[in-house]
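Notes to accompany the following structure.
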Amino acid sequence: MHNPLVSVVMVVCNVEGFLAESIESILGQTFRDFEFIIVDFGSTDKSKAIASSYAAKDSRIRLHEIPHCGLAEARNAACFLAQGRYIAIMDADDISLTNRLMWEVEFMEKHREVGLLGGATEWIDRTGRSICSNYFPTEDDEIKSALVVRCPFCQPTVLIRKEAFKLVGGYRIVFAQAEDYDLWLRLADHFQLANLAAVVLKYRIHPYQVSMHGRVQQTLCFLAAQVAASSRRNGLPDQLNAVEEITPDVLAGWGVSKARQQREVISDRRKWIRHMCMAREYSIALNAALETLQSDLDYVERWQIADLHITVAWLYWKQKRFAMSILAAIHGLVIRPAVAGRPLKPLLQQLGLVRSMKSP
């Protein structure tokens, strides 16, 4: 029996609003030699029914159902079913461009030393409106330098050699929402990495990707992955192998101070709030900014707090809640005038007050 060259894997849980378009983007690929493994891990909406309807019409789809579990466990369940030489990760809310698999397979067939390949993305909002394009470093040395501090891959763009995935043991379940970053770091220990310069995927930005609580845990896991990678580079045991849960206390015991943890959490929240603003999810962004301002900010720099107040002011202004906007802007100015002054200029011009202020 012929094994396909590529196994596309998708895990599904309550994504009925985006799932059909995502599945169709894979079925419509110009590259045809693939199987499509879809694993539902606890959907309570129509997601499983949608996937089943496509599986009934296309024999390349292999639909499986498992009990509800963590994302890393679900991804492993899908990936270890793969029969192809390559594993292509696909998320159920994104859209692969028609030539994605063709471009990626052609590259990997020519570069046998590469174990992991990604590509550039076009960001879209929940309605499909284009937001911006997002590019990543393409060369192995650039990617590995970037990996030390950030994630230079978009997970639903990647193509992984199955032998590489199995060698490192797949995703580690201890991670929550950062399982991909940890996997890339471990693959980097053994293989070269690459990204295509071309856009291969429309990556959807929407408020249901990760909850605010989930984002905090994601940041902690991100830091833990960096600690583990540093230990391996220095010839020390991987400390994550003996851990069942990544907590602030565990990280502190590894030398990641509470101050650094807090700063990283707030930095990641600010980034997510900016993304929600770009996606025009203004109410979601406002609630997230207000929640962040009410959290523990003991170790956060004053300019970051001021910036959050200015963001709140701008979001209130978008909602025509002008009194609340002005109050939030004043809070920002009091905390850090030099930082807050410039972002406030458009707002102050509308109020007719800009001439009374000195430029910072």
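The values are calculated or read from the model by the stated rules, or taken from the named source; none is laboratory data. None of these values were measured; they are calculated from a predicted model. All Cβ positions, glycine included, derive from the backbone under ideal geometry; neighbour counts span all protein chains shown.
Only residues that are assigned to a loop (DSSP other than H, G, I, E, B) and within 15 Å of I89 (Cα to Cα): list them for region 160-176, please. Those that are assigned to a loop (DSSP other than H, G, I, E, B) and within 15 Å of I89 (Cα to Cα): G170, Y171. Taken over region 84-98, the criterion of being within 14 Å of D180 (Cα to Cα) and not β-branched (V, I, T) is satisfied by A88, M90, D91.
Only a single criterion out of (1) surrounded by fewer than 22 Cβ atoms within 10 Å (Cβ to Cβ); (2) in a helix (DSSP H, G or I) is not satisfied by D296, namely (2). Residues in region 232-268 that are loosely packed, with under 15 Cβ neighbours inside 10 Å, of a type in the set (A, V, I, L, M, F, W, C) and part of a helix (DSSP H, G or I): A242, A252, A259.
For region 307-324, the set of residues classified as in contact with a Leu (Cβ under 8 Å, 6 or more places away or on another chain) and either closer than 25 Å to Q262 by Cβ or in a helix (DSSP H, G or I) (or both) consists of L308, H309, I310, V312, A313, W314, L315, Y316, W317, listed by residue number. Only one entry of I124, I87 meets the criterion of being at pLDDT 95 or above, farther than 24 Å from G17 by Cα and among the β-branched types (V, I, T), and that entry is I87. Residues in region 130-150 that are free of Cβ contacts under 8 Å to residues at least 60 places away in the same chain and assigned to a loop (DSSP other than H, G, I, E, B): F136, P137, T138, E139, R150. Scanning region 248-264 for residues that are at pLDDT 95 or above and among the β-branched types (V, I, T) yields one hit, V256. Would you check if A74 is assigned to a helix (DSSP H, G or I), surrounded by fewer than 18 Cβ atoms within 10 Å (Cβ to Cβ) and either modelled with pLDDT under 95 or among the hydrophobic types (A, V, I, L, M, F, W, C) (or both)? The answer is no for A74.
Looking at H275, H206, H190, can you tell me which residue is out of contact with any helix residue (DSSP H, G or I) (no Cβ under 8 Å at 6 or more places or on another chain) and part of a loop (DSSP other than H, G, I, E, B)? The conditions single out H206.
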